[in-house]
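The values are calculated or read from the model by the stated rules, or taken from the named source; none is laboratory data. Please read all numbers here as calculations on a predicted model, not as lab measurements. Backbone-built Cβ (ideal geometry, glycine too); neighbour counts: all protein chains shown.
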Amino acid sequence: MRSPDRGPRGAARNPRSDPGGDPPPPAAARGKATLTIDLAAVAANFRSLASRLAGARCGAVVKADAYGLGLSEIAPALAAAGCRDFFIADLDEGIALRRLLGEAAIYVLNGPAAGTAAEFEEHRLFPVLNDLTQVAEWAAHARGRGGLSAALHVDTGMSRLGLPAQEAATLAREPERLADVHLACVMSHLACADEPDHPLNARQLDAFRAARAGLPTAPASLANSAGIFLGPEYHFDLARPGAALYGLRPVMERPNPLAPAIRLEAPILQVRDVDSPMTVGYGATYQVPRRGRIATVPVGYADGYLRSLSNRGSAFIGDIRVPVVGRVSMDLITLDVSDVPAALARPGARVELIGPHYTVDDLAADAGTIGYEILTSLGRRFSRRYPEGPESPGTD
Ligand SMILES: *Cc1c(COP(=O)(O)O)cnc(C)c1O
């Protein structure tokens, strides 16, 4: 992935030496937005999370195409950083991941649908068993095969997936239901870990301990990204961070200790002079208050730049904030660049839509959503770059 978007002089390697001065990559010259995904930052975030764990291993959640960032690039980078345990949502994602990683333990969170057990075995995928039906499905397949691995998910307060308390109690009374199943992990999932003071955290911790006590001994896993920051009693044997690997802030209202992993930039297509009483965009929702300039940029809701950012989002040219004015349309947004010197806000100039001045979390807050939704909505139309080297444009 390295050659086509790298400048002829390799200039993209050294943005620090000449910030903003390196030539735009060809994608911008062709009027396209560029999404830069910093694999070194993802690897650094993995190591940073692993170093916070009290004696537990750090896994990685790479469901939904690694939160939209690209499974085929992210998973090998995490494996190279030392990750051995991967979590994915469904069977097809698991098969795709197995093609990338020959050795890793791969857990499939949604569990085995009826009739799919043989495929799990063929691709050496560990199903997460979420109810007694899935337990029976896997146990029936495992019978006589001598210990096929699976994880068991007990629900402790999420009410989404996992064995309800009565089913966990049934399993505790009738352990023969798990005969021939090797329990690689007993897990549960926290509902409010990003709110450290929420009383449900401690209740789930107690319920998880109680459920484990009745089940066969197995390594335990409770913490997602935010759960890691709740403290060592939440770490158990294996953590399952997703969001924090990709640079999202794990705990609300606290500074983000992780490195940003993405940067979204787009070239200006056109700049126009405007004055009162003109309006901008569909629905004429923005009324120009005074003489100024509007820049049009090729990113829209079809690229995951949510329409709720209309008249709310921000972008940056250098250090100058340029607000989104008017409605976000399918392929375009309009920015008020009146405060930017004309030499910087010209057609072809690069605008930072996500980056050091305006993070995914900032954009998500302005859009009325969470960073997870922004990442998993990132468009397929962007030119994607995965620099592997020291280049790390999101960290300066
Ligand atoms: C998605 C998911 C995670 C990862 O959560 P983050 O908040 O992204 O760290 C962990 N465990 C389960 C069961 C999940 O569904």
Exercise. Enumerate the helices (runs of 4 or more DSSP H) found wholly within the stretch 17-87, keeping only those where 3 or more residues are at pLDDT below 95 and of a type outside the set (Val, Ile, Thr).
Key: 26-29
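Could you check the stretch 164-189 and list, in sequence order, the residues that are free of Cβ contacts under 8 Å to residues at least 60 places away in the same chain and part of a strand (DSSP E or B)? Outline the logic, then answer.
First pass over the stretch 164-189, keeping only residues free of Cβ contacts under 8 Å to residues at least 60 places away in the same chain: 164-183, 186-189.
If the condition is that a residue be free of Cβ contacts under 8 Å to residues at least 60 places away in the same chain and part of a strand (DSSP E or B), then Val181, His182, Leu183, Val186, Met187 are the ones that fit.
Tell me which residues, restricted to the stretch 229-253, are small (Gly, Ala, Ser) and either more than 8 Å from the ligand (Cβ to nearest atom) or surrounded by 24 or more Cβ atoms within 10 Å (Cβ to Cβ) (or both).
Those that are small (Gly, Ala, Ser) and either more than 8 Å from the ligand (Cβ to nearest atom) or surrounded by 24 or more Cβ atoms within 10 Å (Cβ to Cβ) (or both): Gly231, Ala239, Ala244, Gly247.
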Quiz item: Can you tell me which residues in the stretch 96-121 are of a type in the set (D, E, K, R) and over 24 Å from Glu73 (Cα atoms)?
Solution: Glu119, Glu121
Practice problem: Can you confirm whether the stretch 190-204 contains a residue that is surrounded by 18 or more Cβ atoms within 10 Å (Cβ to Cβ), within 13 Å of the ligand (Cβ to nearest atom), in a loop (DSSP other than H, G, I, E, B) and acidic (Asp, Glu)? | Solution: yes
Exercise. List every residue pair whose Cβ atoms sit under 8 Å apart, with the two residues 6 or more apart in sequence or on different chains, where the first one lies in the stretch 140-152 and is more than 19 Å from Asn110 (Cβ to Cβ) and the second, anywhere, is buried (at least 21 other Cβ atoms within 10 Å of the Cβ).
Key: Gly147/Val181
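Report, by residue number, each residue of the stretch 205-236 that is in a loop (DSSP other than H, G, I, E, B) and within 21 Å of the chain's Cα centre (by Cα).
Listed by number, the residues that qualify are Leu222, Ala223, Asn224, Phe229, Leu230, His235.
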Quiz item: Which one is nearest to the ligand (Cβ to nearest atom) among residues in the stretch 100-109 that are outside any loop (DSSP other than H, G, I, E, B) and not small (Gly, Ala, Ser)?
Solution: Tyr107
Quiz item: modelled with pLDDT of 95 or more, closer than 17 Å to Val186 by Cα, within 11 Å of the ligand (Cβ to nearest atom) and touching a Cys at 6+ places or on another chain (Cβ under 8 Å): does that describe Leu222?
Solution: no
Quiz prompt | Residue list for the stretch 79-99, filter: within 12 Å of the ligand (Cβ to nearest atom) and among the β-branched types (Val, Ile, Thr) | solution = Ile88
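Listed residues Ala43, Ala54, Ala64; which is among the hydrophobic types (A, V, I, L, M, F, W, C) and without any contact (Cβ under 8 Å) to a residue 60 or more places away in the chain?
None of the others qualify; the one that does is Ala43.
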Practice problem: Go through the stretch 110-166 and give me each residue that's under 16 Å from Ala218 (Cβ atoms), of a type outside the set (S, T, N, Q) and either away from the ligand (no atom under 16 Å from the Cβ) or touching a Cys at 6+ places or on another chain (Cβ under 6 Å) (or both). | Solution: Val135, Trp138, Ala139, Ala142, Gly147, Leu148, Ala151
Quiz item: With respect to the numbered conditions (1) at pLDDT below 95; (2) crowded, with 20+ Cβ neighbours inside 10 Å; (3) aliphatic (A, V, I, L, M), which one is the sole condition not fulfilled by Leu335?
Solution: (1)
Self-check item: Failed criterion for Leu161 (all others in (1) assigned to a loop (DSSP other than H, G, I, E, B); (2) crowded, with 21+ Cβ neighbours inside 10 Å hold)
Solution: (2)
